[in-house]
């Protein structure tokens with residue numbers, strides 16, 4: 001197993017010893033030699049055409065810096081010191097100001113059919129790239145095991161719910177969460193002017209609502225399979241719900257005062273995301289959600305979590 005060593009200026013003594021050990025052409029040649037095999041001091045001296053005393057001195061410096069290992073093994077004339085490389089990679093962090101507040105991003109790609117709960121009302125249905133999953137307009141069909149292959153899901157009102165892992169937040173502090181997907185309204189066939197209020201909840205908290213202008217058709221979706229009818233819904237719009245310490249946004253527009261700390265992302269074993277159309281919404285116009293093989297955008301439901309260490 002390779003050994004990677006991470007150093008920074010707060011470990012200056014160790015960093016100095018390693019830097020000093022590497023500041024020699026002879027010692028660099030010894031390290032190169034040990035990339036291929038272990039050697040004793042006499043072999044190193046012979047291969048590099050240097051005195052044995054010089055080889056021994058440089059081996060000691062590399063050993064003290066922790067770059068190589070040495071062990072005594074029986075030889076023809078007593079014991080001999082056999083050397084092998086200990087470090088495979090050295091990372092040096094020079095920026096100590098941000099050393100303990102590194103920002104990171106974690107992405108989760110959720111297949112469309114991997115929902116764990118639903119309450120949907122007709123019109124409703126699911127398809128994958130090969131055809132319809134069971135019959136249309138029967139909510140009971142949403143429990144068909146083939147739902148995990150879905151690439152397009154639609155319903156008039158209600159919701160579907162997903163669970164995303166939150167294990168990354170056990171080692172970091174959340175700064176931002178966003179969920180993006182391609183979606184549009186839902187009408188029989190398609191209606192480009194058909195508004196629908198589509199809402200997202202995270203951990204049971206309503207983050208905000210986007211009003212889709214229509215159920216889009218009239219041209220084929222870029223990714224749609226050839227068997228999909230021209231008279232059906234064809235594509236959606238790529239929208240992103242985002243929550244940070246300032247509030248909640250859809251794309252760049254602020255939609256609510258819900259902040260990242262309100263979502264309590266660490267409290268459960270997972271993060272729930274619910275997408276739906278409320279029964280009392282102003283525009284109950286349904287929703288189509290597209291997977292990576294339908295519509296215009298080659299993606300599923302994608303969650304991004306920004307966190308600091």
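The values are calculated or read from the model by the stated rules, or taken from the named source; none is laboratory data. Predicted model only: the values in this text are computed from it and were never measured. Ideal geometry is used to build each Cβ from the backbone, glycine not excepted, and the neighbour counts take in all protein chains shown.
If the condition is being in a loop (DSSP other than H, G, I, E, B) and either in contact with a helix residue (DSSP H, G or I) (Cβ under 6 Å, 6 or more places away or on another chain) or at pLDDT 95 or above (or both), then region 92-106 contributes only 96.
Evaluate region 241-261: report whether one residue or more is surrounded by 16 or more Cβ atoms within 10 Å (Cβ to Cβ), touching a strand residue (DSSP E or B) at 6+ places or on another chain (Cβ under 9 Å) and part of a helix (DSSP H, G or I). The answer is yes; a qualifying residue exists.
Here is a yes/no grid of residues against (1) surrounded by fewer than 16 Cβ atoms within 10 Å (Cβ to Cβ); (2) modelled with pLDDT of 90 or more; (3) in the same structural domain as residue 240 (by TED's automatic domain parsing); (4) within 37 Å of the chain's Cα centre (by Cα):
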site	(1), (2), (3), (4)
45	no, yes, no, no
72	yes, no, no, no
81	no, no, no, no
108	no, yes, yes, yes
116	yes, yes, yes, yes
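Residue 215 meets each of the listed conditions (1) in contact (Cβ under 8 Å) with a residue 60 or more places away in the chain; (2) under 20 Å from residue 179 (Cβ atoms); (3) buried (at least 20 other Cβ atoms within 10 Å of the Cβ) apart from (2). State yes or no: is residue 285 part of a loop (DSSP other than H, G, I, E, B), in the same structural domain as residue 159 (by TED's automatic domain parsing), buried (at least 18 other Cβ atoms within 10 Å of the Cβ) and over 30 Å from the mean Cα position of the chain (by Cα)? When the stated conditions are applied, residue 285 passes them. Check region 76-91 and report whether any residue there is under 22 Å from residue 240 (Cβ atoms), assigned to a loop (DSSP other than H, G, I, E, B) and touching a residue at least 12 places away in the same chain (Cβ under 8 Å). No - not one qualifying residue is present in region 76-91.
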